[in-house]
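Okay, so here's the structure we're looking at.
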Amino acid sequence: MTDSDTPTADALSERGLELLATGEAAEAAQAFRAAIEADPAHIEAHHGLVRALGRAGRLEQAIAAALALTALTPNDPLAHTALSISLQHAGHIPQAEAAAARAKVLEWKLQLRNPPAAPGGENPDSKELM
């Protein structure tokens, strides 16, 4: 197999999503792991791996994958939400609540940095002086 025949991280991640959609969680986890091996920074593959492991009932592995995701993207609320869900499914409720709280704080920080536009599409804080 040549380099041009090697599936890309995107293609492997897409395959993982297809397998998840058909209920083949264990096989999906393998595809997501292959995508991560091809590109360790492939965020979507990390999210997919967490989801696939959870669906396969490998809850502690899902937690480990979610922790790796939060290490890769520490300011991403979705990563901390994935961790919270994994912890909750494994019965680690206090830790799940802490991860959910962290996700909420990160989401608030994002909202403060990027306030929504006012009705009509204009942000009142960005009006130009005449």
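Where a number appears in this text, it was derived from the coordinates with a stated rule and is not lab data. Remember, it's a predicted structure, so these values are computed and weren't measured experimentally. When we count neighbours, we look across all protein chains shown, and the Cβ atoms used for this are built from the backbone with ideal geometry, even at glycine.
What the table shows:
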| item | result |
| --- | --- |
| Residue check for ILE93: under 14 Å from the mean Cα position of the chain (by Cα) and of a type in the set (A, V, I, L, M) | no |
| Residues that are surrounded by fewer than 17 Cβ atoms within 10 Å (Cβ to Cβ) and not in a helix (DSSP H, G or I), drawn from segment 24-45 | ASP39, PRO40, ALA41 |
| Residues that are charged (D, E, K, R) and more than 20 Å from THR81 (Cβ to Cβ), drawn from segment 1-59 | ASP3, ASP5, ASP10, GLU14, ARG15, GLU18, GLU24, GLU27, ARG33, GLU37, ASP39 |
| Hey, LEU53 surrounded by fewer than 20 Cβ atoms within 10 Å (Cβ to Cβ), without any contact (Cβ under 8 Å) to a residue 60 or more places away in the chain, closer than 17 Å to ALA99 by Cβ and of a type outside the set (Gly, Ala, Ser) or not | no |
| Some residue of segment 80-96 being surrounded by fewer than 20 Cβ atoms within 10 Å (Cβ to Cβ), closer than 22 Å to PRO7 by Cα and not small (Gly, Ala, Ser) | no |
| Residues (touching a residue at least 12 places away in the same chain (Cβ under 8 Å) and over 10 Å from the mean Cα position of the chain (by Cα)) located in segment 73-82 | ASN75 |
